Amino acid sequence: MTRIGFLLIMYAFITACQSSDSHKQDSESFSQDRNLQIIIQHAQSYKIDLMKGIYTVLFINKAPLNIEFDLNLIEKAKVIDKFYALKLDELMPDKVNSAMMSFDDNCFIMPKIYTYLNVKGDSLAMQFKIDESCSDFIQPNADKARKVKAFLDLVNEILNRKPELRNAPKSDIFYL
């Protein structure tokens, strides 16, 4: 076999391997639901529909205020990619009859102000309840809680860059 023939065979082999890897990545991406509906509710004060771009400020004696914001395609992809990279789609509640995964912690700040993360797609429906102000989670779900917290941190980082949300009025609901 000549040197050129050997190089052609190696080139064909490498190209075939790369093609196989790209088909594998395509099938993994295809199995992931990319049209997720993500809603985050911070206690009874704020509600964020991430994909529709609606930030709702809740008040005691006034109607809720809806503020529209825009996530660009890169930001949406970043959020969805982070959701799957953290494997949040694989988390299941510990109790058979519960659709919500709740995370216990060792933080004794009262009252507990929970954040609810709701994710719905064609093939999944999940709800998480977490105290975002705490980082000391109890086993056996401490690692899962840290993943949810990391996801919420990314979302908050993106939202904090939106001028319309930075300048939004504050809720008048407070907790004793």
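Each row is one residue, and each column tells you yes or no for (1) closer than 27 Å to Phe59 by Cβ; (2) over 11 Å from the mean Cα position of the chain (by Cα); (3) not hydrophobic (A, V, I, L, M, F, W, C).
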site	(1), (2), (3)
Met92	no, yes, no
Cys107	no, yes, no
Val119	yes, no, no
Ala142	no, yes, no
Arg146	no, yes, yes
Ala150	no, no, no
Leu159	yes, yes, no
Lys162	yes, yes, yes
(message) Give me the residue from the range 99-133 that is of a type in the set (Phe, Trp, Tyr) and assigned to a strand (DSSP E or B) and, out of that set, surrounded by the most Cβ atoms within 10 Å (Cβ to Cβ).
(response) Phe128
(request) Please work out which one of (1) open to solvent by 60 Å² or more (accessible area, probe 1.4 Å); (2) over 17 Å from Tyr46 (Cα atoms) is the condition Tyr84 fails and give its number. (result) (1)
(message) For the range 134-145, check the following and say yes or no: at least one residue is farther than 29 Å from Ile74 by Cβ, surrounded by 11 or more Cβ atoms within 10 Å (Cβ to Cβ) and polar (S, T, N, Q).
(response) yes
(message) Among the listed residues Leu71, Leu58, identify the single one that is farther than 13 Å from Leu117 by Cβ, open to solvent by 20 Å² or more (accessible area, probe 1.4 Å) and of a type outside the set (Val, Ile, Thr).
(response) Leu58
(message) Please go through the range 97-128 and give me each residue that is farther than 21 Å from Ala142 by Cβ and in contact (Cβ under 8 Å) with a residue 60 or more places away in the chain, ordered by number.
(response) Pro111, Asn118, Lys120, Gly121, Asp122, Ser123, Leu124
(request) Quick one: in the range 30-55, of everything that is farther than 22 Å from Ala85 by Cβ, touching a residue at least 40 places away in the same chain (Cβ under 8 Å) and surrounded by 15 or more Cβ atoms within 10 Å (Cβ to Cβ), which residue is nearest to the chain's Cα centre (by Cα)? (result) Gln41
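The values are calculated or read from the model by the stated rules, or taken from the named source; none is laboratory data. All values reported here derive from a predicted model rather than from experimental measurement. Every residue, glycine as well, gets a Cβ built from its backbone with ideal geometry; the counts of neighbours run over all protein chains shown. For the accessible areas, the whole protein counts, side chains as well, though only heavy atoms, and no ligand, DNA or RNA atoms are used. Shrake-Rupley method; radii C 1.70, N 1.55, O 1.52, S 1.80 Å.
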